[in-house]
Amino acid sequence: MRYKTLLKSLFPLLVLISFVTVLLVNSPVPAIAQFTRQEIRGVWMTTNDFNTLKNRDKVQDAVNQLRRLNFNTIYPVVWNSGYVMYPSAVARHAGIQPFVLRGSDGHDILTDLTTQAHRQNLLVIPWFEFGFMAPPSSELALNHPEWLTQTRDGSQISMSTAGEVAWLNPFHPQVQQFITNLVLEIVTQYDVDGIQFDDHMCLPSEFGYDKYTVALYTKETKKSPPANSQDPEWMLWRANKITAFMMQLNQAVKARKHNAIFSVSPNYYDFAYKFHLQDWLTWVRLNIVDELIVQVYRPNLQSFLENISRPEIKQAQQIIPTGIGIMAGLRNSPVPIQQIQSQVRAAQERGLGVAFFYYESLWDYGSEPVAQRQAGFQTLFSTPALRAKIGQF
C-alpha cells in the first residue's frame, strides 16, 4: 500500500523526466546549445545617445544595425543624475522632473525602443545607471536631505567620473522604498525583459556615518561605528545590509514579472567590495542575479586579460550568463577597432559574453571610417546568438 502511494505521488515527475528525455534524445541540437543561446552581446545606450533615442527613425536604424551585426541585448539608461528618463509618477511624487519626458514627436522613448527592439528579437533591459548616487544639486538631493548619508567628518560629497556626487543612504527605509518603486514602475509599465544595476548600486566605504545609520548599527551591535571606515566588521555589516536590500528588490521584481532578468554590472570583485561595499559575488551565490557583466575598461591587453580571468568570474559563469563590459570609446577618447576586437576575442575564448559602452561610440567616435568599424564588429559576431527570456529555454 505504501509503495503504491509513493508510486502515485511520483508519477507526474516520472512523466516529466520521460518527456524531457525524449526531447533530448530526438533533438538535433545538443542540450548544451541551450545555454549558448544566452551569450550576452549587448550595448549600453547612455544619456550621450539621446539624440538617437529621441528619434523614432534613428532608433529604427540603430536596432536594425544592431540586429544585422548579431547583437542581442540593449541596456538603455532610465536613471541618471537623480533623474528618470521616462514619464514617472514615482519621481513626480518625490518632486523630481523627468530628464527627458518624451521623444521628438511626443512619444514615449522607452516604449518605442522596446517595441522596435522586440521586432528584431533584441532584449531590452533598462539600466539604473546612478543607483544610490545623485548630484548634490539635483532635485532629489535638495528635496530629501534626510535621505543622504555622510562620511565620518560630516561630508556628503565624493568625487566620481560624473563629478561631485552625494549618496543616498542605502540603509534608510524611505530610500529603499523609493528605489524599489522606481524599479517596479519600469517592469510593470513597460514590456521590458529585465532591469540592470551597475557599480553605483553600492556605497563608498567611507560613507555610512549619518545619524540614521549610526543609530541602527549601535542598536544592532551595541557599539558605535569604528573610526576606521575599512574596519572589517563595519564593512561587512554595511555590505550585508546592501545585500539584504538587493534580495528584497529581486523578490519584488520577480513577484511583479517572474521572468524579468535581474542583471548586475559591477567592477571586479576585490575593488567592488573593498571600496564600494558591493558584495556581488554573494549576490550570485544567493541566486539573486540572473546575468553578470563585469566592467573591465582597460586599454592594456595584459591588464584586461588578468581581470577577465579572475576566479570569481569563472565561478559566476558556471551559474549564470556572464559577460565583460568593454570600452568602445568616448567622444574625446576613441578606441581603435583592433583593440576592441582583441578584447572581444579574449572574452569569447573564455566563454564570456560582452557588452559595449556605449552605442554611439561603436562606430561614430572611432578613428576608423564607420564602414570599417562595422565590418570589424561583423567579424566578431558572424552568426546570430538569440537570447531567450528566463523560463523560455
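Laboratory data are not the source of any read-out in this text; all were calculated from the coordinates shown. As the structure is a computational prediction, the values presented were derived from the model and not from experiment. Counting neighbours? That spans all protein chains shown, and the Cβs are built from the backbone with ideal geometry, glycine included.
Structure above, values below:
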{"quantity": "Extension gain (nm, one decimal) between LYS274 and ARG331, 0.36 nm per residue minus Cα-Cα", "calculated": "17.4 nm"}
{"quantity": "Backbone HN-Hα couplings from phi across the stretch 142-157 [Karplus 6.51/-1.76/1.60, Hz, Gly and Pro as x]", "calculated": "6, 7, 9, x, 6, 8, 8, 9, 8, 7, 5, 8, x, 6, 10, 10"}
{"quantity": "DSSP H segments from the chain that extend 24 Å or more along their own axis, Cα-based, with Kyte-Doolittle mean of 0.5 or above", "calculated": "2-26"}
{"quantity": "Mean Cβ neighbour count within 10 Å, used as a protection proxy, ranking 114-122, 197-205, 219-227 highest first", "calculated": "197-205, 114-122, 219-227"}
{"quantity": "The stretch 46-93-the stretch 128-175 distance, computed between alpha-carbon centres (Å)", "calculated": "24 Å"}
{"quantity": "Quarter of the Cα convex hull surface for the stretch 42-380, i.e. its orientation-mean projected area (nm²)", "calculated": "16.6 nm²"}
{"quantity": "Additional length obtainable on full extension of the chain from ASN143 to GLU349, 0.36 nm per residue less Cα span", "calculated": "69.3 nm"}
{"quantity": "Length-normalised contact order for the stretch 246-320 - Cα pairs under 8 Å, 6+ apart - percent", "calculated": "31 percent"}
{"quantity": "Calculated FRET efficiency for the pair GLN318/LEU286, C-beta based, R₀ 25 Å, to 0.05", "calculated": "0.95"}
{"quantity": "The stretch 241-336: GluC sites (Glu not before Pro) in DSSP coil with no more than 13 other Cβ atoms inside 10 Å", "calculated": "none"}
{"quantity": "Sequence of HIS144, HIS107 once ranked by neighbouring C-beta atoms within 10 Å, starting from the fewest", "calculated": "HIS107, HIS144"}
{"quantity": "Using a Förster distance of 51 Å, the FRET efficiency for GLN65-ARG152 (Cβ separation, nearest 0.05)", "calculated": "0.55"}
{"quantity": "Contour minus Cα-Cα distance for GLU306 and HIS258 (0.36 nm per residue)", "calculated": "13.7 nm"}
{"quantity": "Calculated FRET efficiency for the pair SER160/GLN248, C-beta based, R₀ 35 Å, to 0.05", "calculated": "0.85"}
{"quantity": "Assigned charges on the beta-carbon of Lys, Arg, Asp, Glu; the chain dipole about Cα centre (debye)", "calculated": "1380 debye"}
{"quantity": "Dipole-positive endmost among SER265, THR282, ILE74 within the stretch 42-380 (Cβ charges, Cα centre)", "calculated": "THR282"}
{"quantity": "Values of log10 I(q)/I(0), in the order q = 0.19 Å⁻¹, for the stretch 115-228 under a Debye, Cα-only, solvent-free model", "calculated": "-1.02"}
